[in-house]
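The values are calculated or read from the model by the stated rules, or taken from the named source; none is laboratory data. Predicted, not measured: the structure shown is a model, and the values here were computed from it. Cβ coordinates were reconstructed from backbone atoms using ideal geometry, including for glycine residues, and neighbour counts include every protein chain displayed.
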Amino acid sequence: MEGIQYFTGLSYLNLSNNKISDLTPISSLKSLETLTVSFNKITDVSPLKLLTNLKHAYLSFNNIEDISPLKDLDNLWLLDISENKVKDISPLIDNQNLTFLILDGNPLVLANVPTVLKKCPNYLQ
């Protein structure tokens, strides 16, 4: 992803199926509204916490366990974290704009799921 950090005006970026493991270069893309990084080798989503304009995040088919860096993304409307290693979705509990949450294929701890879903108006899988 060398050089991607210079495309600061990007609003849409699809990097699916590229064997990416490090999202750090994306952290400077402050205008990004839609990010698709499915089918990669991502474990750490902390670089995304700086993307405050992000509305759609497609992070499926990676190795993500911790989604707490996404908790302050107030504009996030759709989050696809299917087929990862996420157990806890409670960091999303205060995200009032989250409308679509795709969770299938994760080893979720079911105790906290209903609490989060009560605040999520529309739920897919």
- prompt: For segment 24-36, how many residues are of a type in the set (Gly, Ala, Ser) and part of a loop (DSSP other than H, G, I, E, B)?
  reply: 1
- request: For segment 14-21, indicate whether the set of residues that are of a type in the set (A, V, I, L, M), under 20 Å from ASN95 (Cβ atoms) and surrounded by 15 or more Cβ atoms within 10 Å (Cβ to Cβ) is non-empty.
  value: no
field: Residue, nearest to LYS55 (Cα to Cα), within segment 1-23, restricted to residues that are assigned to a loop (DSSP other than H, G, I, E, B) and in contact with a helix residue (DSSP H, G or I) (Cβ under 6 Å, 6 or more places away or on another chain)
entry: LEU23
Single residue of segment 22-32 satisfying the filter (closer than 18 Å to TRP77 by Cβ and crowded, with 16+ Cβ neighbours inside 10 Å) that is farthest from the chain's Cα centre (by Cα): LEU29
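Residues checked against (1) at pLDDT 95 or above; (2) in contact with a strand residue (DSSP E or B) (Cβ under 6 Å, 6 or more places away or on another chain); (3) buried (at least 20 other Cβ atoms within 10 Å of the Cβ):
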residue: TYR12; (1), (2), (3): yes, yes, no
residue: THR43; (1), (2), (3): yes, no, no
residue: SER60; (1), (2), (3): yes, yes, yes
residue: ASP66; (1), (2), (3): yes, no, no
